[in-house]
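Structure, as structure tokens:
The values are calculated or read from the model by the stated rules, or taken from the named source; none is laboratory data. Keep in mind that this is a model prediction, so the values were computed, not measured. Every residue, glycine among them, receives a Cβ derived from its backbone with ideal geometry; neighbour counts consider all protein chains shown. These area figures cover heavy atoms from the full protein model, side chains too; ligands, DNA and RNA do not enter into them. Shrake-Rupley method; radii C 1.70, N 1.55, O 1.52, S 1.80 Å.
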Amino acid sequence: MAAAESASDSSSIGVDSYETALCIIPPADLCHDVDRLRSVYDKHHGRWPPHINVVYPFVAVEDLPHVAPLIRSTLAEGQAAGELQEIRLNLGHADVFSQPHSNTIFIADGDDAHNQSLSATRGLVMAALGQKNNPPHYHLTVGRSETRDTASREFLLEKAKLLPPIDWTVQELAILVRERTYRDGIVSNRMRIWGTIPLNSSHTLLEREELSDEEEIQAETVESTIATKTVQPGSTYRFSSESNSWTRYESSVSPESQEDMPTSIRISSYNVLVDSMHPPPRERYPLLVETLLSASAQADILVLQEVTDDFLSYLLKIEEIRECYPFTTHGPAQQADIGPMSSLRNIVVLSRWAFGWEYVPFQRRHKGAVVLKFDHVGLTKDSSFHPLVVAGVHLTCGLTDGSVAAKRSQAQTTVSHLSHNYRDSPCIIAGDFNISTSTCTINEASKNHKISPNTETEIRSLETMFSEAEFSDAWTVARVELGQATDRYASKEAHAVFEGEEGATFDPTENPLAAETSGSPNNRPQRYDRVLLKGQESWNVSSFNMFGQPDDDDEVEICASDHWGVRATFTASTSIGNPKPTLNLHDLGPVSVSRTSSAILDNEALHACLQSSNMIPTERQIYQRKEAFALLETILNTRSDLPFVLVPVGSYGLGVWTTSSDIDCMFLGQISSKTFFALARQRIRKASGLGVRLLRKVDAKTGTMLEIDVRGIRMDIQYCPAARIVENWPESIRRPSSDPIFSLAMQSLRKLKAFRDQDYLQRTIPDLAAFRTAYRSIKLWAQQRGIYSAKFGYLGGIHITLMLSRVCKLVSVLRGTAGITAADIVSIFFHHYAEFNWKSDMVFDPFFDKQAPRYSRLTREPMVVLGFHTPNFNTANTASVPSVNTLIEEFKRADSILCEEKMTWSKFLGGSIRDNVNAVESRPGAQDFLQTYQNYIKIGVNYWGPSLKKGSGLVGWLESKCVLLLVGMYHI
């Protein structure tokens, strides 16, 4: 009591200043785990170091120079008198106390003896200041939650309980002073260390200016602020079978020999969904593990999003997981020496290969990229080893101006970090990008003023950012170059899928959990989850698949998460079995939108224009054709021992048909053509009572065809005898062309080619919905301009299909697919072919042929448009020099007027043709023709006779002679 009595003689010094504090600061090397939580859940992080208040409020700032020595001498006297004991603290007890507007979650020492030592020290300090000692509740704040938010409070309390205890002997008290700074008109403040008061008599009082180098570093560490957003090193954990625990692994980059370097890399990404903050959703854990261990999900690197401490601890206990992935970015928090992760939703990466990693923080709390650098896997170039780098991301969700801006900032931060630090390394970005892709969703958000026009542009620029940084989307590459249709949309009706929904990984229409988290099963599918690759000169995409989807035969759809998982496989270029195109894609023509920014050419206006022109079928028309097609199959497939395969081809097969289109049907079977058509005619006549009529039989060079009417729907029937293909259907159709199964007669191959080419297009066009809208737009334009007639050397459906598919693929690979609408594709189409060199170049698919096709162009072929499978021939064989010149003029005209100010789709496409389908002279193209040419030949044909077949034959003969006349006139 001697020290207290001595201090009482001095005058009282007020302790009512919130500008200063006397506190205990734990050693910085013990605070990493707690400070990681504070950075997310404590609003005072960055302004206050992790601390335990001894006296707060404290004395006025001006009193510090004489108060600090006074406290020091009082404590020294107390120590000499035996009144001051060593303070040993063990912050291992987590608890919470409530205040009017918040809950404070904290850690404290649960040992009464330790707290009494601390109270004794405080008593001496207060006595030195002439104040009474009312001991506070000594604690270190971890975070805060709202008073009424019970789930948030319990969640944060559970995290605090997972913190490893902070155990140390207190050597000094720290004096903090509030420091205010002014920058750009904004006032900020933080508590900086003014000085320290040692509790050991062998140490002397140090003010800020006198701190040793080590203590200066300590001071700077505890005053660090999250505003700096510096890259933070991470600790890698490796499972030790000896200790049966996860231990820290020290990364050391050392390349394997070239022989031991893996020739392929499989990387999976999966958002495992946090749908409950507290209690944890443990009922889904077994299903999540089953999904991750499935054959379609297993990989070399596994990137998980929305991982909680509870799920990670569960996951890392599974022996099969530890065998597949012995390395991880985060250890199980339930292991005593490992702290909890900072957020509720965390990114965790597991791998079979050793790595080191770093955390790249984003501007928003909770958000950042996990960047891995592998020790032994990478690329050796010019005798230098460049390690494989993988960045795991989970960008901000939502479709608002703010969330899209945040996504762009986060994506730019990730790309810039990789570009600046790993310029020569192969880089992969994998995770949940949360970029809205459905144009239906984007248009709805714009219509409801949830996003501005600038934000619509931002969504598009996100995709451009990745392509400009030379990142390729594995899904796009796998679809365009490999023809891997890995999504669930191949079997969906064409009208049920909107633009930007191909390859969706978040689908409320198919996934009950997605419907629940999005709020409605009517929300549209989005392709959120992606795997991007930079380093295509060394690694190529060799496969892509999704996982986590329910089996089609499940009566109840059970899903482990609201997302489907994605897996990409990359194969070293030296061992790739499917080589990339050897052509420079940039040399194949421009794929940029050339229209002006003020042009009113949005996607909704384009759809409205097509609707008004009867180019988009109604629901009733879709149903009628579907019913007619099914009826035809029922009529002809009446014997189980003689089955036929029926497939739609042409416009109906591709889903680009209009109200005036016929349905082209292809039957495949095991009998001869003569027998099939005899059988077909017999069965069709028997079905007359069902509304089926045989119109005529057509015998042409390409084979026999039947024209029929099924309840008002015109249908053309062709037949291909291909017994082995039918026996192995449908797997047989996608075998390589060299397979003996295609050893068929040339006529059979020609007929089969229609479906094989169509199947290839459906598997490789990245956005079929956008393709279909663009196709209808170009067809309408060609009709209005009077150049939709393949038989006269102009455009037909096959030409538009092949020319447009080429543009769609080039755009997706060179620019990306997100934000690219049908309206954009139409504009790019005209710009691409306005600049096309028709005299020397050919239209072909560079992803199918890989290099310029070996096609011997004839001098009489002014235009060459090639298909895909054998036999390959020029589909534009009726084109003449005059017709091609006309097409070139029309392409240039279209490209030019699309750049005009205030151009609209209605103006460009010439208005509606709903009421004047047959009034050719009233169309804009016909009017321009009549104004341009004063002299022309018009041929009118009238036919009277009992035979429709002979009348049609006459028209066909006359049209063929007209083509010969046009071609011959050029040579005169």
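For (1) modelled with pLDDT under 95; (2) under 23 Å from Gly500 (Cα atoms), each residue gets a yes or a no:
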| site | (1), (2) |
| --- | --- |
| Arg806 | no, yes |
| Leu810 | yes, yes |
| Ser856 | yes, no |
| Phe868 | yes, no |
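With a cut-off of at least 2 residues that are out of contact with any helix residue (DSSP H, G or I) (no Cβ under 7 Å at 6 or more places or on another chain) and open to solvent by less than 40 Å² (accessible area, probe 1.4 Å), name the helices (runs of 4 or more DSSP H) lying wholly within the range 253-339.
Result: 285-292, 309-315.
The rows are residues; the columns are (1) over 23 Å from the mean Cα position of the chain (by Cα); (2) at pLDDT below 95; (3) farther than 23 Å from Asp33 by Cα.
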residue	(1), (2), (3)
Ala295	no, no, yes
Leu304	no, no, no
Tyr314	yes, no, no
Lys317	yes, no, no
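What pairs come up if the first residue lies in the range 445-464 and is closer than 19 Å to Gly816 by Cβ, the second is open to solvent by less than 30 Å² (accessible area, probe 1.4 Å) and of a type in the set (D, E, K, R), and their beta carbons are under 7 Å apart, counting only those six or more places apart or on different chains?
Final answer for the pair search is Leu462/Lys407.
So in the range 735-770, with the set limited to residues that are without any contact (Cβ under 8 Å) to a residue 60 or more places away in the chain and assigned to a helix (DSSP H, G or I), which one is farthest from Gln526 (Cα to Cα)?
Across the range 735-770, the extreme among qualifying residues is Gln747.
Contact list please: Cβ distance under 6 Å, first residue in the range 481-507 and closer than 19 Å to Pro648 by Cα and part of a loop (DSSP other than H, G, I, E, B), second residue open to solvent by 40 Å² or more (accessible area, probe 1.4 Å) and modelled with pLDDT under 90, pairs at least six apart or on different chains.
Matching pairs, first to second residue: none at all.
Just give me the residues in the range 645-675 being in a loop (DSSP other than H, G, I, E, B) and surrounded by fewer than 21 Cβ atoms within 10 Å (Cβ to Cβ), in sequence order. Even if it seems obvious, please write down each step before you answer.
The initial filter retains those residues of the range 645-675 that are in a loop (DSSP other than H, G, I, E, B), namely 655-662, 670-672.
If the condition is that a residue be in a loop (DSSP other than H, G, I, E, B) and surrounded by fewer than 21 Cβ atoms within 10 Å (Cβ to Cβ), then Gly655, Thr658, Thr659, Ser660, Ser661, Asp662, Gln670, Ile671, Ser672 are the ones that fit.
What residue, among those in the range 784-800 that are aliphatic (A, V, I, L, M), assigned to a helix (DSSP H, G or I) and under 16 Å from Phe829 (Cβ atoms), is most open to solvent (accessible area, probe 1.4 Å)?
Start the filter on the range 784-800 by keeping residues that are aliphatic (A, V, I, L, M), which leaves 787, 790, 795, 798, 800.
Next, only the ones that are assigned to a helix (DSSP H, G or I) stay: 790, 798, 800.
This time we only want the ones that are under 16 Å from Phe829 (Cβ atoms), so: 798, 800.
Numbers: Ile798: 87, Ile800: 1 Å².
Among residues in the range 784-800 that are aliphatic (A, V, I, L, M), assigned to a helix (DSSP H, G or I) and under 16 Å from Phe829 (Cβ atoms), the one most open to solvent (accessible area, probe 1.4 Å) is Ile798.
Filtering the range 236-247 down to residues that are outside any loop (DSSP other than H, G, I, E, B) and free of Cβ contacts under 8 Å to residues at least 60 places away in the same chain, which residue is farthest from the chain's Cα centre (by Cα)? Don't jump to the end; show me each part of the working.
The initial filter retains those residues of the range 236-247 that are outside any loop (DSSP other than H, G, I, E, B), namely 236-240, 245-247.
Still in the running and free of Cβ contacts under 8 Å to residues at least 60 places away in the same chain: 240, 247.
On the way: Ser240: 35, Thr247: 34 Å.
The extreme case among them is Ser240.
Thr121 passes all but one of (1) within 43 Å of the chain's Cα centre (by Cα); (2) touching a residue at least 40 places away in the same chain (Cβ under 8 Å); which number fails?
It is condition (1) that Thr121 fails.
Looking at (1) basic (Lys, Arg); (2) more than 23 Å from Asn443 (Cβ to Cβ); (3) open to solvent by 10 Å² or more (accessible area, probe 1.4 Å), find the lone condition where Lys809 falls short.
(3)
Residues being open to solvent by 50 Å² or more (accessible area, probe 1.4 Å) and assigned to a helix (DSSP H, G or I): count how many of those fall in the range 74-103.
The qualifying residues number 3.
Residue check, Gln85 against (1) touching a residue at least 60 places away in the same chain (Cβ under 8 Å); (2) more than 47 Å from the chain's Cα centre (by Cα), all met but one. Which one?
For Gln85, the exception is condition (1).
For Phe829, indicate whether it is within 21 Å of Thr801 (Cβ to Cβ), modelled with pLDDT of 95 or more, surrounded by 17 or more Cβ atoms within 10 Å (Cβ to Cβ) and not small (Gly, Ala, Ser). Quick ask: steps written out before the conclusion?
On the way: within 21 Å of Thr801 (Cβ to Cβ): yes; modelled with pLDDT of 95 or more: yes; surrounded by 17 or more Cβ atoms within 10 Å (Cβ to Cβ): yes; not small (Gly, Ala, Ser): yes.
When the stated conditions are applied, Phe829 passes them.
Name the residue that is nearest to Ala127 (Cα to Cα), counting only residues in the range 26-48 that are open to solvent by 30 Å² or more (accessible area, probe 1.4 Å) and in a loop (DSSP other than H, G, I, E, B).
Per the stated criteria, the residue is Pro27.
Check whether at least one residue in the range 673-692 is closer than 23 Å to Ser748 by Cα and within 46 Å of the chain's Cα centre (by Cα), and report yes or no.
No - not one qualifying residue is present in the range 673-692.
Could you please find all residues in the range 439-480 being outside any helix (DSSP H, G or I) and either out of contact with any Asp or Glu (no Cβ under 7 Å at 6 or more places or on another chain) or more than 21 Å from Arg408 (Cβ to Cβ) (or both)?
Here is the first cut: in the range 439-480, the ones outside any helix (DSSP H, G or I) are 448-452, 469-473.
The answer is Asn448, His449, Lys450, Ala469, Glu470, Phe471, Ser472, Asp473.
Mind checking which residues of the range 101-143 are closer than 19 Å to Leu30 by Cα and of a type in the set (A, V, I, L, M, F, W, C)?
Of everything in the range 101-143, those that are closer than 19 Å to Leu30 by Cα and of a type in the set (A, V, I, L, M, F, W, C) turn out to be Ile105, Phe106, Ile107, Ala108, Leu140, Val142.
Quick one: which of Arg144, Arg178 is touching a residue at least 60 places away in the same chain (Cβ under 8 Å), buried (at least 21 other Cβ atoms within 10 Å of the Cβ) and part of a strand (DSSP E or B)?
Numbers: Arg178 fails: buried (at least 21 other Cβ atoms within 10 Å of the Cβ).
Answer to the selection: Arg144.
Quick grid of which residues meet (1) modelled with pLDDT of 95 or more; (2) outside the structural domain of Asp167 (by the TED database); (3) under 20 Å from the mean Cα position of the chain (by Cα); (4) under 29 Å from Asp35 (Cβ atoms):
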site	(1), (2), (3), (4)
Phe327	yes, yes, no, yes
Ala333	no, yes, no, yes
Phe362	no, yes, yes, yes
Asp375	no, yes, no, yes
Thr380	no, yes, no, no
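Report the residue count in the range 335-360 for those that are within 24 Å of Tyr314 (Cβ to Cβ) and under 24 Å from the mean Cα position of the chain (by Cα).
Total meeting the criteria: 11.
Conditions (1) within 30 Å of Gly910 (Cβ to Cβ); (2) of a type in the set (Ser, Thr, Tyr); (3) under 37 Å from the mean Cα position of the chain (by Cα), marked per residue:
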| site | (1), (2), (3) |
| --- | --- |
| Ser613 | yes, yes, yes |
| Pro617 | yes, no, yes |
| Phe629 | no, no, yes |
| Asn637 | no, no, no |
| Asp641 | no, no, no |
| Val649 | yes, no, yes |
| Trp657 | yes, no, yes |
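I'd like to check something: does the range 347-355 contain any residue that is more than 19 Å from Ile265 (Cα to Cα), not assigned by the TED database to the domain that holds His32 and not in a loop (DSSP other than H, G, I, E, B)? Break it down into steps so the answer makes sense when it comes.
Quick first cut of the range 347-355, residues more than 19 Å from Ile265 (Cα to Cα) only: 347.
Imposing the further condition that a residue be not assigned by the TED database to the domain that holds His32 reduces the set to 347.
Still in the list and also not in a loop (DSSP other than H, G, I, E, B): 347.
The answer is yes, given that some residue of the range 347-355 is more than 19 Å from Ile265 (Cα to Cα), not assigned by the TED database to the domain that holds His32 and not in a loop (DSSP other than H, G, I, E, B).
I need a count of the residues in the range 518-536 that are modelled with pLDDT under 90 and not in a loop (DSSP other than H, G, I, E, B).
Filtering the range 518-536 down to residues modelled with pLDDT under 90 leaves 518-523, 535-536.
Checking which are not in a loop (DSSP other than H, G, I, E, B) leaves us with 518.
Looking only at that region, the number is 1.
Does the range 765-772 contain at least one residue that is of a type in the set (Gly, Ala, Ser) and under 19 Å from Leu646 (Cβ atoms)? Outline the logic, then answer.
So in the range 765-772, the residues of a type in the set (Gly, Ala, Ser) come out as 769-770.
From the residues that got through so far, the ones that are under 19 Å from Leu646 (Cβ atoms) too are none.
No, every residue in the range 765-772 fails to be of a type in the set (Gly, Ala, Ser) and under 19 Å from Leu646 (Cβ atoms).
Hey, does the range 696-703 have a residue that's open to solvent by less than 30 Å² (accessible area, probe 1.4 Å), within 16 Å of Lys753 (Cα to Cα), out of contact with any strand residue (DSSP E or B) (no Cβ under 9 Å at 6 or more places or on another chain) and not aromatic (Phe, Trp, Tyr)?
Looking for residues that are open to solvent by less than 30 Å² (accessible area, probe 1.4 Å), within 16 Å of Lys753 (Cα to Cα), out of contact with any strand residue (DSSP E or B) (no Cβ under 9 Å at 6 or more places or on another chain) and not aromatic (Phe, Trp, Tyr), one finds none in the range 696-703, hence no.
Restricting attention to the range 825-857, report how many residues are of a type outside the set (Gly, Ala, Ser) and either within 14 Å of Val884 (Cα to Cα) or part of a loop (DSSP other than H, G, I, E, B) (or both).
Residues of the range 825-857 of a type outside the set (Gly, Ala, Ser): 825-826, 828-833, 835-839, 841-851, 853-855, 857.
Restricting the remaining residues to those that are either within 14 Å of Val884 (Cα to Cα) or part of a loop (DSSP other than H, G, I, E, B) (or both) gives 833, 835-839, 841-845, 850-851, 853-855, 857.
Looking only at that region, the number is 17.
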